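A.B. asks: Okay, here's the structure, questions in a sec.
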Amino acid sequence: MIKLIIPALIFISLNACGQQNSNKSNPQNVPRVGHNIPIDTTWTEKVVKTNKEWKKTLTAKQYYILREHGTERPFSSELYDVKEEGVYVCAGCNNPLFSSAAKFDSGTGWPSYFKAYFARSLNVATDDSHGMVRDALTCKRCDGHLGHVFDDGPEPTGLRFCIDGDGLLFVPNKSK
């Protein structure tokens, strides 16, 4: 009996998340920084702030993800269903992390990409928390926690960058 109840509860909770967030694809709800932000691909300085400074510049969700290595609930990010063309940047420092051209639906509930904007955009380190060994991703510019990378993604890279959308901002292409 329990073997039947647990999968049913998981199915119901996942569907509930999807239904609750069905309006999240509305572009007015998308956390964005606008067309006027320069995407700095030539930065050389690290962004270093105290926790107090980070708390002043980040929302509570952004702080939880980027500074406390938190994880959002699946299907809860406003960026999950975004289909517009543009660039996803770190909410902590505007470092370009992923292009919309590399985004795909992994079915996991988190925004997923098959390659980084630039190889130098991200740091990868071993994460052995929660009884698992995974490759954790942080922003190379501000060391903000972003998510994890797995080797079960689509071609051409075979990678799946599974990212907490609450740690990102979206910059739509200027032509739109």
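The values are calculated or read from the model by the stated rules, or taken from the named source; none is laboratory data. Here the structure is a predicted model, which is why all the values come from computation and not from measurement. Please note: Cβ atoms are built from the backbone with ideal geometry, for glycine as well, and neighbour counts cover all protein chains shown.
A.B. asks: Being over 8 Å from the mean Cα position of the chain (by Cα) and not in a loop (DSSP other than H, G, I, E, B) is the filter here; which residues of the stretch 142-168 pass it?
C.D. replies: His145, His148, Val149, Phe150, Arg160, Phe161 - these are the residues of the stretch 142-168 that are over 8 Å from the mean Cα position of the chain (by Cα) and not in a loop (DSSP other than H, G, I, E, B).
A.B. asks: For the stretch 72-99, how many residues are touching a strand residue (DSSP E or B) at 6+ places or on another chain (Cβ under 8 Å), in a loop (DSSP other than H, G, I, E, B) and either without any contact (Cβ under 8 Å) to a residue 40 or more places away in the chain or of a type outside the set (Gly, Ala, Ser) (or both)?
C.D. replies: Count: 7.
A.B. asks: Kindly indicate which of Phe161, Phe170 is modelled with pLDDT of 95 or more, surrounded by 15 or more Cβ atoms within 10 Å (Cβ to Cβ), of a type outside the set (S, T, N, Q) and touching a Phe, Trp or Tyr at 6+ places or on another chain (Cβ under 8 Å).
C.D. replies: Answer to the selection: Phe161.
A.B. asks: So Pro172 clears everything in (1) within 22 Å of Tyr64 (Cα to Cα); (2) in contact with a strand residue (DSSP E or B) (Cβ under 6 Å, 6 or more places away or on another chain) except one condition, right? Which one?
C.D. replies: Pro172 satisfies every listed condition except (1).
A.B. asks: Can I ask one more? Among the hydrophobic types (A, V, I, L, M, F, W, C) and in contact (Cβ under 8 Å) with a residue 12 or more places away in the chain, is that true of Ala102?
C.D. replies: When the stated conditions are applied, Ala102 passes them.
A.B. asks: Looking at this structure, is Leu146 of a type outside the set (Asp, Glu) and either in contact with a Leu (Cβ under 7 Å, 6 or more places away or on another chain) or surrounded by fewer than 17 Cβ atoms within 10 Å (Cβ to Cβ) (or both)?
C.D. replies: Numbers: of a type outside the set (Asp, Glu): yes; either in contact with a Leu (Cβ under 7 Å, 6 or more places away or on another chain) or surrounded by fewer than 17 Cβ atoms within 10 Å (Cβ to Cβ) (or both): yes.
Spelling it out, Leu146 is indeed of a type outside the set (Asp, Glu) and either in contact with a Leu (Cβ under 7 Å, 6 or more places away or on another chain) or surrounded by fewer than 17 Cβ atoms within 10 Å (Cβ to Cβ) (or both).
A.B. asks: Evaluate the following for Gly107: is it buried (at least 19 other Cβ atoms within 10 Å of the Cβ), at pLDDT below 95 and under 15 Å from the mean Cα position of the chain (by Cα)?
C.D. replies: No, not satisfied.
A.B. asks: Any idea which residue in the stretch 110-123 is surrounded by the fewest Cβ atoms within 10 Å (Cβ to Cβ), counting only those that are in contact with a Cys (Cβ under 9 Å, 6 or more places away or on another chain) and part of a loop (DSSP other than H, G, I, E, B)?
C.D. replies: Ranking the candidates gives Trp110 first.
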